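The values are calculated or read from the model by the stated rules, or taken from the named source; none is laboratory data. These numbers were taken from a predicted model, which means no experiment stands behind them. Cβ sites come from the backbone with ideal geometry, for glycine too, and all protein chains shown count toward neighbours. The accessibility values were calculated without ligands, DNA or RNA, using every heavy atom of the protein model including side chains. Shrake-Rupley method; radii C 1.70, N 1.55, O 1.52, S 1.80 Å.
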Amino acid sequence: MIALWLALAEWTAWRGTALARIAEKLYGLGAIAMIGAALINGFAIDHYASSALQGGPDALRDAARVMPLAWSLNQTLAGFGVFALSGGIVAWSIDLWRGPGVLARVAATYGVVVMLGLCATFAFSAFELDVTGMAAVVLAQAFWYVTTGIVSWRHATFLGKN
């Protein structure tokens, strides 16, 4: 997540457009939210559960009451992350539309249509951000990352790299 964020921030610096700067800010908010969600599920819960196991039956009961809150925090951060990351990709895609070549327009169209569709289907509870749902989000975004990367590589001058 951090590597993607840094790479896209560099792309924004090369582009230098207002739309790219807006995209970078949205994406940054989404990256922070996703990192927060991962830290809760990947580290905080494990540490808390480990402590509860050593604390005896009362600690286990207390932990059982807190775990749903941790899950809610994880899901809230991840959900916000989906919207913010997707919003950033949509803004970059609109900016990319003016790029050279057919692949730039393919990446731009894909970014706008799929990310808005992803947000809409998540908003209407068509999927959850469990392992399968999050994998679908990552794969949907990965296609955009790859096609945009290819456009960037082929057309460095378009990106402001002289």
Using a 1.4 angstrom probe on the protein heavy atoms only, line up 80, 122 by accessible area, largest first. 80, 122
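Using the heavy atoms of the protein chains alone and a 1.4 angstrom probe, what is the accessible area of the chain per residue in square angstrom? All intermediate terms of the calculation are to be shown ahead of the outcome.
Numbers: 8920 Å² over 162 residues.
Per residue, the chain has an accessible area of 55 Å².
Figure the gain on full extension for residue 65 and residue 102 (residue separation times 0.36 nm, minus the Cα-Cα span) and round it to one decimal in nm.
Values: separation 37, 0.36 × 37 = 13.32 nm, distance 5.38 nm.
Computed gain between residue 65 and residue 102 is 7.9 nm.
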Of the candidates 19, 29, 53, which one comes out as most mobile in a Gaussian network treatment of the chain with C-alpha springs shorter than 10 Å? 53
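Keeping all protein chains in place and using 1.4 angstrom, which order do 27, 110 fall into by accessible surface area, from largest down? Could the numbers behind the result be given before it?
Numbers: 27 0, 110 50 Å².
Largest accessible area first, the residues go 110, 27.
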Per DSSP H run of at least 4 residues, take -39500 (n - 2.57); add these up for the chain, divide by its residues and hand me the 222 nm value, nearest 500 deg cm²/dmol. -28500 deg cm²/dmol
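Based on the Cβ-Cβ distance of residue 116 and residue 10, what FRET efficiency does E = 1/(1 + (r/R0)^6) give at R0 = 30 Å, to the nearest 0.05?
On the way: r = 25 Å, r/R0 = 0.84.
With a Förster radius of 30 Å, E is 0.75.
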What list of ³J(HN,Hα) values in whole Hz, one per residue of the range 132-148 in order, does the Karplus curve 6.51 cos²θ - 1.76 cosθ + 1.60 (θ = phi - 60°) give from phi, with Gly and Pro shown as x? 5, x, 5, 4, 5, 4, 4, 5, 4, 6, 4, 4, 5, 4, 5, 5, 5
Given the options 65, 15, 105, state which has the largest fluctuation in a GNM of the chain using a 10 Å cut-off (strictly under) for Cα springs. 65
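So between residue 132 and residue 51, what do we pick up on full extension, going 0.36 nm a residue minus the alpha carbon distance? Each step should come with its number before you reach the end.
Working: separation 81, 0.36 × 81 = 29.16 nm, distance 2.90 nm.
Stretched fully, the residue 132-residue 51 segment lengthens by 26.3 nm.
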Run the accessible area of the range 18-150 with a 1.4 Å probe and give the carbon-and-sulfur part as a rounded percent. 74 percent
Using a Förster distance of 41 Å, the FRET efficiency for residue 58-residue 3 (Cβ separation, nearest 0.05): 0.45
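What does the convex hull of the Cα atoms of the range 98-142 come to per residue, in Å³, rounded to a whole number? Each step should come with its number before you reach the end.
On the way: hull volume 2.6 nm³, N = 45.
Spread over its residues, the Cα hull of the range 98-142 gives 59 Å³ apiece.
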Per-q log10 I(q)/I(0), the chain, q = 0.18, 0.20, 0.21 Å⁻¹ (Debye; single scatterer per alpha-carbon; no solvent): -1.03, -1.20, -1.28
Expected max-MSF residue from 102, 82, 90 in the GNM of the chain (alpha carbon, under 10 Å) is 102
Dipole check, the chain, charges on Cβ (K,R +1; D,E -1), about Cα centroid: among 131, 81, 69 the Cα furthest to the positive pole belongs to 81
